[in-house]
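The values are calculated or read from the model by the stated rules, or taken from the named source; none is laboratory data. This structure is a prediction, so every number in the text was calculated from the model and none was measured. Heads up, the Cβs are rebuilt from the backbone with ideal geometry, glycines too, and the neighbour counts pull from every protein chain shown.
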Amino acid sequence: MRQYQEVNNYYLCEKVQLRPTSLLHYSYVMDLRNYEVGYAPTLRQNLNKEKTELDELNALDDISEFGSIVKYAEKCVELYKEKQQEVYNEKGHVLKDLGTLSDTQVRNIKKYAILFADATKSNKDKYLSFVTLTLPSAQIHHDRVLRKILAKYLDHLKEVYGLKNYLWKAETQKNGNIHFHVLIDTQIPREDIQRIWNQYINKYGYVDRYSEKMNRLTAKEYMAKYSKNYKSEKDCILAYQRNKKMGWSNPPSTKIETPKSKRNIVAYVVKYLLKQEENKRPVIGAVWGASNKVKKLNYLNFEVSSYLEELNHLRGKLEYVPTAIQFVELYKGKVYQMIRKGYKKLNEHLKIYNKAIRQLLDTDLSINLDQLIQLIYEKQYTELANN
């Protein structure tokens with residue numbers, strides 16, 4: 001590994017990115033003159049463009065006039081494909097398909113999910129849960145409306161239960177309804193998760209419409225349709241009687257999963273958040289989101305020169321993987337495990353990095369991860385000096 005160096009106002013930077021099972025060594029050139037004279041950003045003009053049919057379609061909140069969310073989405077896809085063709089013809093740009101994730105988005109979701117889940121499962125004061133939120137009746141509103149409901153629901157959990165961090169991904173079901181997978185770091189009673197979600201979606205009538213439909217079912221009809229969801233016929237009858245008495249006012253619109261094995265939590269979460277199923281209508285608008293703190297998470301990055309000797313030794317123990325990217329070297333292996341066992345300086349830096357991640361997620365400090373790592377180092381140096 002080469003160390004960085006300055007030549008004629010240019011800075012050759014060599015950095016390393018550490019992940020649990022890989023080491024990435026990359027180089028880039030930084031022009032120091034940009035930092036001395038600054039730069040003039042290109043201003044984007046705010047042009048009052050005429051609204052297109054797609055814009056007007058996207059502006060709708062209630063889409064019931066289309067008959068179903070699937071038919072509405074089909075019209076959106078049709079107009080969006082026309083827009084894709086226009087943009088390509090005029091500018092040569094290729095717009096990604098509606099409702100799909102770009103490569104960058106996939107990498108970010110994976111990064112945030114891995115770091116968030118890993119930090120939460122290693123924190124004794126936190127409780128990692130994977131919640132699925134669904135609609136109990138046919139969707140008649142734009143996906144944007146449901147995302148706003150989700151935002152208010154999460155704000156409620158923050159205020160009442162102390163929820164701090166979350167990561168969500170939107171998907172669609174075969175019937176066209178949107179649903180959300182949400183990773184949270186706070187233990188909340190299952191019945192509260194469901195009750196509160198039902199309250200929020202019923203502001204748009206989703207529970208009431210479910211109740212109207214279910215109240216028309218006889219016990220026999222309920223048995224024929226839902227008995228497969230119960231262990232026995234008796235359980236099915238009891239559930240019917242209980243829900244009938246309550247007026248079907250609390251539908252099973254949520255599912256909470258807490259992986260039993262902490263070892264498999266990260267893989268389990270990443271699998272669900274990144275799966276992209278075909279033959280379903282696309283999500284219209286934002287496909288995923290996260291709390292501000294989760295979006296500040298990043299892999300451990302630092303300059304090669306700081307740990308040159310240990311990095312060279314570690315690199316020799318890992319498997320080199322060729323890449324097609326210039327100035328990038330990739331090595332695979334049990335990186336974190338090896339560092340903890342035999343690399344004193346790297347292990348100390350890794351400990352501080354993990355401590356910074358936990359503090360970032362736990363506190364209300366408005367700083368980024370690198371700044372927090374620096375603060376922890378400064379605090380340690382001060383304590384050593386005082387002793």
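Go through the range 254-270 and give me each residue that's of a type outside the set (A, V, I, L, M) and at pLDDT below 80. Full working, then the answer.
Residues of the range 254-270 that are of a type outside the set (A, V, I, L, M), as a first pass: 254-255, 257-264, 268.
Matches in the range 254-270: 258, 259, 260, 261, 262, 263, 264, 268.
Out of the range 123-145, which residues are surrounded by fewer than 22 Cβ atoms within 10 Å (Cβ to Cβ), within 14 Å of residue 184 (Cα to Cα), out of contact with any strand residue (DSSP E or B) (no Cβ under 6 Å at 6 or more places or on another chain) and not basic (Lys, Arg)?
Result: 123, 125, 127.
Note down all Cβ pairs under 6 Å where the first residue falls in the range 348-374 and is within 17 Å of residue 166 (Cα to Cα), the second is outside any helix (DSSP H, G or I), and they're at least six residues apart or on different chains.
358/123; 361/165
Yes or no: the range 318-330 includes at least one residue that is touching a helix residue (DSSP H, G or I) at 6+ places or on another chain (Cβ under 9 Å), at pLDDT 95 or above and farther than 28 Å from residue 371 by Cβ. Write out each step before concluding.
Here is the first cut: in the range 318-330, the residues touching a helix residue (DSSP H, G or I) at 6+ places or on another chain (Cβ under 9 Å) are 318, 329.
Retained after the next criterion (residues that are at pLDDT 95 or above): 318.
Add one more test, that the residue is farther than 28 Å from residue 371 by Cβ, and what stays is 318.
Yes, the range 318-330 contains at least one residue that is touching a helix residue (DSSP H, G or I) at 6+ places or on another chain (Cβ under 9 Å), at pLDDT 95 or above and farther than 28 Å from residue 371 by Cβ.
Can you tell me which residue is surrounded by the most Cβ atoms within 10 Å (Cβ to Cβ) among those in the range 154-174 that are touching a strand residue (DSSP E or B) at 6+ places or on another chain (Cβ under 7 Å) and among the hydrophobic types (A, V, I, L, M, F, W, C)? Let's see the steps before the verdict.
Initial filter on the range 154-174 (touching a strand residue (DSSP E or B) at 6+ places or on another chain (Cβ under 7 Å)): 154, 163, 166-173.
Filter once more, so that each one left must be among the hydrophobic types (A, V, I, L, M, F, W, C): 154, 163, 167-168, 170.
Working: 154: 19, 163: 19, 167: 25, 168: 22, 170: 22.
Per the criteria, the residue is 167.
All but one of (1) in contact with a Lys or Arg (Cβ under 9 Å, 6 or more places away or on another chain); (2) modelled with pLDDT under 95 hold for residue 218; state the number of the condition that does not hold.
Here residue 218 clears every test but (1).
Exactly one of these conditions fails for residue 244: (1) surrounded by fewer than 19 Cβ atoms within 10 Å (Cβ to Cβ); (2) in the same structural domain as residue 268 (by TED's automatic domain parsing). Give me its number.
Residue 244 satisfies all of (1) surrounded by fewer than 19 Cβ atoms within 10 Å (Cβ to Cβ); (2) in the same structural domain as residue 268 (by TED's automatic domain parsing) except (2).
Restricting the search to the range 343-387, which residues are over 24 Å from residue 183 (Cα atoms), among the aliphatic types (A, V, I, L, M) and touching an Asp or Glu at 6+ places or on another chain (Cβ under 8 Å)?
346
Evaluate the following for residue 177: is it within 27 Å of residue 108 (Cβ to Cβ) and either among the acidic types (Asp, Glu) or in contact with a strand residue (DSSP E or B) (Cβ under 8 Å, 6 or more places away or on another chain) (or both)? Outline the logic, then answer.
Details: within 27 Å of residue 108 (Cβ to Cβ): yes; either among the acidic types (Asp, Glu) or in contact with a strand residue (DSSP E or B) (Cβ under 8 Å, 6 or more places away or on another chain) (or both): no.
No: the conditions fail for residue 177.
Would you say residue 151 is exposed (fewer than 15 other Cβ atoms within 10 Å of the Cβ), hydrophobic (A, V, I, L, M, F, W, C) and within 18 Å of residue 285 (Cα to Cα)? First the steps, then the outcome.
On the way: exposed (fewer than 15 other Cβ atoms within 10 Å of the Cβ): yes; hydrophobic (A, V, I, L, M, F, W, C): yes; within 18 Å of residue 285 (Cα to Cα): yes.
Considered against the rule, which asks whether it is exposed (fewer than 15 other Cβ atoms within 10 Å of the Cβ), hydrophobic (A, V, I, L, M, F, W, C) and within 18 Å of residue 285 (Cα to Cα), residue 151 comes out as yes.
Condition test on residue 301, is it loosely packed, with under 13 Cβ neighbours inside 10 Å, in contact (Cβ under 8 Å) with a residue 40 or more places away in the chain and either on the phi < 0 side of the Ramachandran plot or in a strand (DSSP E or B) (or both)?
Numbers: loosely packed, with under 13 Cβ neighbours inside 10 Å: no; in contact (Cβ under 8 Å) with a residue 40 or more places away in the chain: yes; either on the phi < 0 side of the Ramachandran plot or in a strand (DSSP E or B) (or both): yes.
Criteria not met by residue 301.
Only one of these conditions is not met by residue 289: (1) free of Cβ contacts under 8 Å to residues at least 12 places away in the same chain; (2) under 30 Å from residue 169 (Cβ atoms); (3) small (Gly, Ala, Ser); (4) not assigned by TED's automatic domain parsing to the domain that holds residue 148. Which number is it?
(1)
Of the residues that make up the range 105-121, is at least one of a type outside the set (Lys, Arg), free of Cβ contacts under 8 Å to residues at least 60 places away in the same chain and either surrounded by fewer than 15 Cβ atoms within 10 Å (Cβ to Cβ) or under 21 Å from residue 300 (Cα atoms) (or both)?
Here is the first cut: in the range 105-121, the residues of a type outside the set (Lys, Arg) are 105-106, 108-109, 112-120.
After this cut, where a residue has to be free of Cβ contacts under 8 Å to residues at least 60 places away in the same chain as well, the list is 108.
Checking which are either surrounded by fewer than 15 Cβ atoms within 10 Å (Cβ to Cβ) or under 21 Å from residue 300 (Cα atoms) (or both) leaves us with 108.
Yes: the range 105-121 contains one or more residues that are of a type outside the set (Lys, Arg), free of Cβ contacts under 8 Å to residues at least 60 places away in the same chain and either surrounded by fewer than 15 Cβ atoms within 10 Å (Cβ to Cβ) or under 21 Å from residue 300 (Cα atoms) (or both).
Considering 278, 309, which residue is outside any helix (DSSP H, G or I) and not β-branched (Val, Ile, Thr)? Reasoning before the result, please.
On the way: 309 fails: outside any helix (DSSP H, G or I).
Exactly one of 278, 309 is outside any helix (DSSP H, G or I) and not β-branched (Val, Ile, Thr), namely 278.
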